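A short write-up of the structure that comes next.
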Amino acid sequence: MYNIMKKYGLQPPYFIYNEKKIKSNLLKFREMLPKNFDIYYSIKANPNHVILNIFRQLGVGAEISSGGELDLVKNAGFVTNRIIFTGPGKTTRELERAILSKIYLIIVESLNEIKRINKIASKLKIKQKILIRINPLIFCAQPDSMFPMIGGGQKFGIDEEEILNLIKAILLFENIDISGFHFFTGSNIFDEQVIINNTEHLFKLVNSYELFFKRKFSIIDIGGGLALNYSQENNKHFDIKKLTKGLSFLVEKYNLKDKNIIIESGRFLVGESGEYIVEVVDVKISRGETFVIINGGVNHISRATLAKNGHEI
């Protein structure tokens, strides 16, 4: 690390990323997934321009949640038909820009949002593809999840019991194409079986909707939430083999080889690829407790403090 710092004239604090590690994580993950799965990088995990370029060059799609992120991925050279837009807080201006850019999919989270999309698409003479995000009645939860995103009352998604009537209403909109459905269990989930069980429920729902409406839906987005252990102290480990084996079994069980199945991933792909380099400027003792003072700040690595994720030092 010292040699790198000397070679490039770097002064702490700074981040350094391992391109080989990022590529290795992605290629290993892609190889283990069923052939009809498509990986989309959740750019909120790390929107660094160089990292975005790595994923673009390797054929990964981009999952965005804001107009600012749309600018980032377009500037990184992502073709717009490899961009999906998630999140419940999309403004009308952001939706208009996304539709005008001809992005691949907008994941919808309310009837009001759908109406806004239809109005914008009608004005632009575009038929916009959407996925309906479902908030399920039946779900499997990780007990210690800090950010549950399904079940109960939620800002995320549309309640499962409302979906049939919602689809009936959307089918009357001339500028909306219901391409499929979206699901997202939660953030940083260590129990692979939680993701597998919730994915199975989603697959069952899709099959039931196809039977009810006598039509096919071509795309299913199972979300992400694949965990990463930032510290060896808690002894947790996410078993990617168990997850991909379970997903392969479900694709066979529910006869979904003809579907384009999207899986989103952020921290799992990039979280182990970086190091944060700082300089120790002081060591002090206060009432028996030792404090190491560095020249970095919480603004550089806020999750470690706010979400209480310990990191290896």
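Here, each number is a calculation from the coordinates, and none is a lab measurement. Quantities reported herein were computed from a predicted structural model and do not represent experimental measurements. Positions of Cβ are backbone-derived with ideal geometry, glycine not excepted, and every protein chain shown enters the neighbour counts.
Beta bridges from DSSP with both residues in the stretch 19-272: antiparallel share about 5 percent, rounded to the nearest 5.
Scanning residues 5 or more positions from S66 or on other chains, none has an amide H under 5 Å from its amide H, with H placed 1.01 Å from N in the peptide plane. Pairs over the 29 Å Cα-Cα cut-off, from the set K74/K168; K90/K259; K74/K129; K21/K245; K44/K115: K74/K168.
Give the label of the value calculated from the structure for semi-axes √(5λ) of the Cα gyration tensor in Å, choosing from (1) 34, 24, 19; (2) 37, 23, 19; (3) 33, 27, 15. The calculated read-out lines up with (2). Full extension of the chain segment joining N299 with L27 gains 94.8 nm, where the gain is 0.36 nm per residue of separation less the Cα-Cα distance.
Ranked by how many other Cβ atoms sit within 10 Å of their own Cβ, fewest first, the residues Y209, Y17 fall in the order Y17, Y209. Listed by chain and number, the aspartates and glutamates whose alpha-carbon sits under 14 Å from that of K127, ignoring those within fewer than 8 places in the same chain, are E96, E174, D177.
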